[in-house]
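Quick notes on the structure that follows.
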Amino acid sequence: MERMKLLFLLEVAIFSGIGLILDRFSFSIWPQGGSISFAMVPIILMAFRWGLKGGLLTGFLVGILQIILGGAYILTPVQGALDYPIAFTVVGMAGLFAGPIQRALGDGLMKKAVTWITVGTFIGVLLRFICHYLAGVIFFGSGDPSVPAWLFSLTYNGSYLGPAFILTAIVLGTLLTTVPRVATQQRTRRAS
């Protein structure tokens with residue numbers, strides 16, 4: 001039991017670091033932020049491996065690390081929380097689909113697994129989108145009186161999270177159907 005806890009904590013730390021690094025190597029499409037990156041891949045992978053606890057904790061740490069290491073654009077504490085720790089934490093809600101994904105992969109049902117991987121990824125990205133959308137409407141607006149804040153935030157956040165969702169789903173679908181054991185925790189064997 002202690003080894004599984006240690007494995008869990010090590011994986012959370014490692015995958016959080018990987019998420020932060022992948023976020024640094026992103027394709028920024030807007031000068032004021034918003035980029036297409038693979039930062040959600042390790043968060044969602046942890047969600048599929050460990051369920052909600054793995055995904056939520058990994059996402060939370062990625063969001064906090066972005067603030068600590070200076071990669072965050074923060075106007076107010078509430079906006080900062082909504083755009084970083086909360087937005088990346090909710091990506092881990094993909095863990096709701098860990099069970100069906102692991103069962104489908106274990107049974108060799110790859111099409112079914114890809115469907116669940118896509119659904120789980122979509123839910124995680126959708127929840128992140130909602131956080132960024134709300135922050136955009138409440139704190140940023142459009143800067144142009146002729147464009148409603150809700151429309152600007154929808155377009156702005158959708159323009160990078162849509163492609164990020166597609167890329168993340170493709171990477172995870174390919175990875176997990178090629179190497180299905182990546183979706184399960186590796187049990188440590190005791191020396192006999």
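Looking only at region 141-173, how many residues end up being open to solvent by 50 Å² or more (accessible area, probe 1.4 Å) and among the small types (Gly, Ala, Ser)?
Looking only at that region, the number is 2.
Can you run down the residue pairs with Cβ atoms below 6 Å, 6 or more apart or on separate chains, where the first is in region 129-146 and in a loop (DSSP other than H, G, I, E, B) and among the basic types (Lys, Arg) and the partner is open to solvent by 60 Å² or more (accessible area, probe 1.4 Å) and at pLDDT below 80?
none
Go through region 36-82 and count every residue that is part of a helix (DSSP H, G or I) and either farther than 30 Å from residue 100 by Cα or hydroxyl-bearing (Ser, Thr, Tyr) (or both).
So the count comes out to 10.
Is it the case, given these coordinates, that residue 40 is of a type outside the set (D, E, K, R) and open to solvent by less than 60 Å² (accessible area, probe 1.4 Å)?
yes
What is the one condition in (1) under 21 Å from residue 58 (Cα atoms); (2) touching a residue at least 40 places away in the same chain (Cβ under 8 Å); (3) open to solvent by less than 80 Å² (accessible area, probe 1.4 Å); (4) hydroxyl-bearing (Ser, Thr, Tyr) that residue 73 does not satisfy?
Result: residue 73 fails condition (3) only.
So if I check each of 91, 62, 119, which one is in contact (Cβ under 8 Å) with a residue 12 or more places away in the chain and open to solvent by 30 Å² or more (accessible area, probe 1.4 Å)?
Testing whether each residue is in contact (Cβ under 8 Å) with a residue 12 or more places away in the chain and open to solvent by 30 Å² or more (accessible area, probe 1.4 Å) leaves just 119.
Please tell me if residue 48 is open to solvent by 70 Å² or more (accessible area, probe 1.4 Å) and within 20 Å of residue 166 (Cβ to Cβ).
So residue 48 fails the test.
Return the only residue of 80, 99 being modelled with pLDDT under 95 and either closer than 16 Å to residue 63 by Cβ or surrounded by fewer than 22 Cβ atoms within 10 Å (Cβ to Cβ) (or both).
80
What about residue 109, is it open to solvent by 30 Å² or more (accessible area, probe 1.4 Å), free of Cβ contacts under 8 Å to residues at least 40 places away in the same chain and closer than 14 Å to residue 183 by Cβ?
yes
Given the structure, is residue 178 open to solvent by 60 Å² or more (accessible area, probe 1.4 Å), closer than 19 Å to residue 44 by Cβ and among the hydroxyl-bearing types (Ser, Thr, Tyr)?
It is true that residue 178 is open to solvent by 60 Å² or more (accessible area, probe 1.4 Å), closer than 19 Å to residue 44 by Cβ and among the hydroxyl-bearing types (Ser, Thr, Tyr).
Can you spot a residue in region 25-35 that is in a helix (DSSP H, G or I), under 16 Å from residue 168 (Cα atoms) and touching a helix residue (DSSP H, G or I) at 6+ places or on another chain (Cβ under 9 Å)?
Within region 25-35 (the criterion being in a helix (DSSP H, G or I), under 16 Å from residue 168 (Cα atoms) and touching a helix residue (DSSP H, G or I) at 6+ places or on another chain (Cβ under 9 Å)), the answer is no, since none of the residues qualifies.
The values are calculated or read from the model by the stated rules, or taken from the named source; none is laboratory data. A quick note: this is a predicted structure, and the numbers were derived from the prediction, not measured. No Cβ is skipped: glycine too gets one built from the backbone with ideal geometry, and neighbour counts run over all protein chains shown. Ligands, DNA and RNA are excluded from the accessible area calculation, which covers all protein heavy atoms including side chains. Shrake-Rupley method; radii C 1.70, N 1.55, O 1.52, S 1.80 Å.
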